[in-house]
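Novice: The following block contains the structure, expressed as structure tokens.
The numbers here are math on the coordinates, done by the rules we state, and not lab data. No experiment lies behind these values; they were computed from the predicted model shown. Cβ sites come from the backbone with ideal geometry, for glycine too, and all protein chains shown count toward neighbours.
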Amino acid sequence: GYLLICGRVRERAVPALRLGLLTGDMSHTMGEYRSAHLRLQENSEPVVILRGTQAEKQRVMGAYAKMERTQVEFDAETSKDSWWYSGLISTITTPTVQAFLVEVPFISRSGRPVHTSSQEGLVANARVLGEMTFVATSMTRLMSYTQAMLTLRRRALASAGRANRLVELLDASDRTVSGPLNRSHDSVRSHSSACAIKLERLTVHPPDDSGSVLVRALDIDIKAGRNLLVVGENGVGKTSLFRTIAGLWSSPTGSVRIPAHGDEARMTLCFLPQSPYHPLGSLRDAVTYPLCGQSLTSAELRALLHVVELQDLMDLEDGDTAPIDPCVRGSWDATLTLSQKQRLAIARLLYHKPRFGVL
């Protein structure tokens, strides 16, 4: 009866359904936070090339804040629902019932007498009760301390891991927020007055210090309005040249002069990496990245997508009756084919209208 009553009281004090829903919310928000880290890890190169470090930083910090709020709500709800169970059952009811169960054999007058006097029975009862309470309390504390000691390292590592990754991410974002184009030890220099992409005596080699030189003493001067197509077999250094111009790779000799990044409204220079990257979010966010949240009407979005023959994406979420909701989130990297992702990147280039585009 005692077990049944306590079980019913506990069920009413901490509803399993609501606790399960809160646990599900915790798992969901933690999954979003870890997913943001993994996406940044897997797409670090295109994110830096597209100058999207600030957008990704806000995305990760938003996921972290959401997880933190859910954790606080989970702790508050759990404490609010279980306080009276812990206080009433653990502190009052359980010791009372235990004392009563221990008292019964000694104070009952039925059966063969155990003690010669009532005083002796009370003393024996008090001693047994005290020893039982001491043993039970000691065992409970021992199990609690043992559990804490066994899980301490895991909890410490988990907390330290999240903190270290977050600090490293913020430090890396701060270092790259101005772009690798402004680093003093790099051959790449950014000039706001530059109206051309100019390479002077540039040497291109991998950053692994293997000594292999892919391009030596390269001179190129590309003014606005002119086009240049670099062709060649696989492995001759086309992507390496792209990475050097973008500032991902440094060069021991030579210099790269490119226009400055521009203001927050428009981009003067836009890079399109080999592997298209589209953030989690609406179709509008994918087109305006990394300047997410810019004003772009549905008509303007449809016109851009029509140029690259992706106007059908406007009806992907809501059917053929209404344009896509700009707030609808989607994973375009998982939804679209490689050809569609590349054409969506071209639509992004058309939206930004940069002075120079490097593909």
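Novice: If amide hydrogens are placed 1.01 Å from N in the peptide plane, which non-local residues have theirs closer than 5 Å to the one on residue 281?
Specialist: 330, 332
Novice: With the cut-off at 26 Å, tell me which of the pairs 238/353; 238/341; 66/353; 66/341; 198/353 have Cα atoms farther apart than that.
Specialist: 66/353; 66/341
Novice: What FRET efficiency, computed as 1/(1 + (r/R0)^6) with R0 = 30 Å and r the Cβ-Cβ distance, is obtained for residue 69 and residue 137, rounded to the nearest 0.05?
Specialist: For R0 = 30 Å, the calculated efficiency reads 0.20.
Novice: List the residues whose amide H sits under 5 Å from the amide H of residue 271, counting only those 5 or more places along or on another chain, with H placed 1.01 Å from N in the peptide plane.
Specialist: Those qualifying (amide H under 5 Å, at least 5 residues apart or on another chain) are 358.
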